[in-house]
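To start, the structure itself, in structure tokens.
None of the figures in this text is laboratory data; all of them are computed from the coordinates on show. Remember, predicted model here, so these are calculated numbers, not experimental data. In this analysis, Cβ positions are derived from the backbone assuming ideal geometry, glycine residues included, and neighbour counts consider all displayed protein chains.
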């Protein structure tokens, strides 16, 4: 992913409340069930920082997150980068009421290029990853936990 790439945007409509989605996006125990099960800590508070490791084959990715914007039940933005690699991005989750449903709009904007020789940083890999998390994992999680 490079700064010249258009932001990645993934949207999914859910048949659940804004509050239920907000909880899934910001409650550590819920995040572990659909997002990353090894997140050690998370708080939806501006300035909160956390890190955790994801291992892919022989590559280690220490995720470095810093919460930079919070509008409860509407929006949360994290600065997202990795300890082992150059690159920097912002990941925003927006919650939008739409008719009798609730939409999640995920957007990823790159502000410093990620290495082009690492498969996980290819645009297609990032798009597929967000589809997996939002359209599959989060969807299945919210269907199992509709209240």
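Is region 78-92 home to any residue that is in contact (Cβ under 8 Å) with a residue 12 or more places away in the chain, within 27 Å of residue 145 (Cα to Cα) and more than 13 Å from the chain's Cα centre (by Cα)? Walk me through how you get there before you give the answer.
First pass over region 78-92, keeping only residues in contact (Cβ under 8 Å) with a residue 12 or more places away in the chain: 78-92.
Pick out the ones that are also within 27 Å of residue 145 (Cα to Cα) and you get 78, 91-92.
Those still in the list that are more than 13 Å from the chain's Cα centre (by Cα) too: none.
Checked against the condition, which is being in contact (Cβ under 8 Å) with a residue 12 or more places away in the chain, within 27 Å of residue 145 (Cα to Cα) and more than 13 Å from the chain's Cα centre (by Cα), region 78-92 yields no hits at all.
Answer yes if at least one residue in region 13-27 is buried (at least 17 other Cβ atoms within 10 Å of the Cβ), part of a strand (DSSP E or B) and touching a helix residue (DSSP H, G or I) at 6+ places or on another chain (Cβ under 6 Å), and no otherwise.
So far as region 13-27 goes, yes, one or more of its residues are buried (at least 17 other Cβ atoms within 10 Å of the Cβ), part of a strand (DSSP E or B) and touching a helix residue (DSSP H, G or I) at 6+ places or on another chain (Cβ under 6 Å).
Filter region 23-67 down to residues that are more than 19 Å from residue 95 (Cα to Cα) and free of Cβ contacts under 8 Å to residues at least 40 places away in the same chain, then give me how many there are.
25
Read through the list (1) farther than 23 Å from residue 120 by Cα; (2) touching a strand residue (DSSP E or B) at 6+ places or on another chain (Cβ under 6 Å); (3) outside any loop (DSSP other than H, G, I, E, B), then give the number of the only condition that residue 67 fails.
(1)
For residues that are out of contact with any strand residue (DSSP E or B) (no Cβ under 8 Å at 6 or more places or on another chain) and in contact (Cβ under 8 Å) with a residue 40 or more places away in the chain, scanning just region 101-132, find the one that is surrounded by the fewest Cβ atoms within 10 Å (Cβ to Cβ). Steps first, answer last, please.
The initial filter retains those residues of region 101-132 that are out of contact with any strand residue (DSSP E or B) (no Cβ under 8 Å at 6 or more places or on another chain), namely 113, 115-117, 119, 121-122, 124-125, 128-129, 132.
Now restrict to residues that are in contact (Cβ under 8 Å) with a residue 40 or more places away in the chain: 113, 116, 121-122.
Values: 113: 15, 116: 10, 121: 20, 122: 14.
Among residues in region 101-132 that are out of contact with any strand residue (DSSP E or B) (no Cβ under 8 Å at 6 or more places or on another chain) and in contact (Cβ under 8 Å) with a residue 40 or more places away in the chain, the one surrounded by the fewest Cβ atoms within 10 Å (Cβ to Cβ) is 116.
Please pick out the residue among 52, 90, 42, 61 that is outside any strand (DSSP E or B) and touching a strand residue (DSSP E or B) at 6+ places or on another chain (Cβ under 9 Å). Steps first, please.
Details: 52 fails: outside any strand (DSSP E or B); 90 fails: outside any strand (DSSP E or B); 61 fails: outside any strand (DSSP E or B).
Step by step, each of 52, 90, 42, 61 is checked, and only 42 is outside any strand (DSSP E or B) and touching a strand residue (DSSP E or B) at 6+ places or on another chain (Cβ under 9 Å).
For residue 124, all conditions in the list (1) more than 20 Å from residue 3 (Cβ to Cβ); (2) not in a strand (DSSP E or B) hold save one; what is the number of the exception?
(1)
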